[in-house]
Amino acid sequence: MPYDRYIAICKPLHYGTLLGSRACVHMAAAARDSGLLNALLQGSNTFSLPLCQDNVLDQFFCEIPQILKLSCSHSHLRESGLIVFGACLTFGCFVFIVVSYVQIFRAVPRIPSQHGRHKAFSTCLPHLAVVSLFVSTAVFAYLKPRSSSSPLLDLVVSFVYSVVPPASNPLIYSFRNQQLKDAVWKLMTGWFLEAMNCSSSSV
């Protein structure tokens with residue numbers, strides 16, 4: 001997504017050649033393969049560990065740090081290697097995103113029209129906010145010391161990085177649609193007027 005926006009804003013005349021169907025297939029395959037490799041490594045490492053405590057997780061999904069807490073094996077070397085691999089993968093993606101957006105934000109002031117600049121910022125900032133929220137909370141969840149971990153904090157952080165970014169994406173991109181904005185405004189004013197009528201009639 002950031003590369004698409006980078007090409008669209010910084011090199012619009014080359015968009016068709018730089019971001020053709022072949023480039024899209026290669027990027028999608030790279031994302032799929034790196035995610036699959038990470039999932040296979042994490043899953044095979046986690047589920048090969050012997051579990052000597054009860055099988056109840058303080059989580060709403062089967063998350064790897066919670067499973068590692070149930071393990072009686074001290075395989076810190078394997079765990080550290082997988083954390084480093086996952087961190088490098090995440091950091092590489094994040095650096096790619098940041099470099100793309102730095103190039104975009106350097107190009108936006110050169111756009112002649114105010115409307116064009118506003119459109120570029122309104123397209124890029126929501127995606128950057130959602131990605132930053134996901135990466136920061138995921139890094140905190142996986143890299144925080146176990147001693148400072150509490151079940152409630154683990155639950156809140158996991159909820160934030162696993163539910164909030166995917167749920168906020170449709171909302172963020174839908175609110176750029178004027179018809180949806182009008183419908184939400186009409187609904188909110190209707191609720192407000194109904195609440196006011198109820199409170200005045202109860203008095």
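Rule-based calculations on the coordinates, nothing more; no lab input. What you see is a predicted model; the values in this text were computed from it and never measured. Positions of Cβ are generated from backbone atoms using ideal geometry, with glycine treated the same way; all protein chains shown enter the neighbour counts.
Of all residues in region 117-141, those that are closer than 30 Å to residue 58 by Cα and touching a residue at least 12 places away in the same chain (Cβ under 8 Å) have Cβ atoms under 8 Å from Cβ atoms of residues that are of a type in the set (Phe, Trp, Tyr) and part of a helix (DSSP H, G or I), 6 or more apart or on another chain, in 131/94; 133/161; 134/161; 135/94; 137/161; 138/161; 141/161.
Considering only residues that are of a type in the set (A, V, I, L, M, F, W, C) and more than 21 Å from residue 128 (Cα to Cα), look in region 1-29 and name the one that is surrounded by the fewest Cβ atoms within 10 Å (Cβ to Cβ).
Looking at residues that are of a type in the set (A, V, I, L, M, F, W, C) and more than 21 Å from residue 128 (Cα to Cα), I get 13.
Of all residue pairs spaced 6 or more apart or on separate chains, those with beta-carbon atoms under 7 Å, a first member in region 154-166 that is free of Cβ contacts under 8 Å to residues at least 24 places away in the same chain and under 21 Å from residue 69 (Cα atoms) and a second member that is of a type in the set (Ser, Thr, Tyr) and part of a helix (DSSP H, G or I) are 157/137. Between 94, 121, 134, 85, the distinction of being aromatic (Phe, Trp, Tyr), in contact with a helix residue (DSSP H, G or I) (Cβ under 8 Å, 6 or more places away or on another chain) and more than 22 Å from residue 5 (Cα to Cα) belongs to 85 only.
Kindly evaluate residue 95 against the criterion of being of a type outside the set (Asp, Glu), under 29 Å from residue 163 (Cβ atoms) and exposed (fewer than 10 other Cβ atoms within 10 Å of the Cβ).
It is false that residue 95 is of a type outside the set (Asp, Glu), under 29 Å from residue 163 (Cβ atoms) and exposed (fewer than 10 other Cβ atoms within 10 Å of the Cβ).
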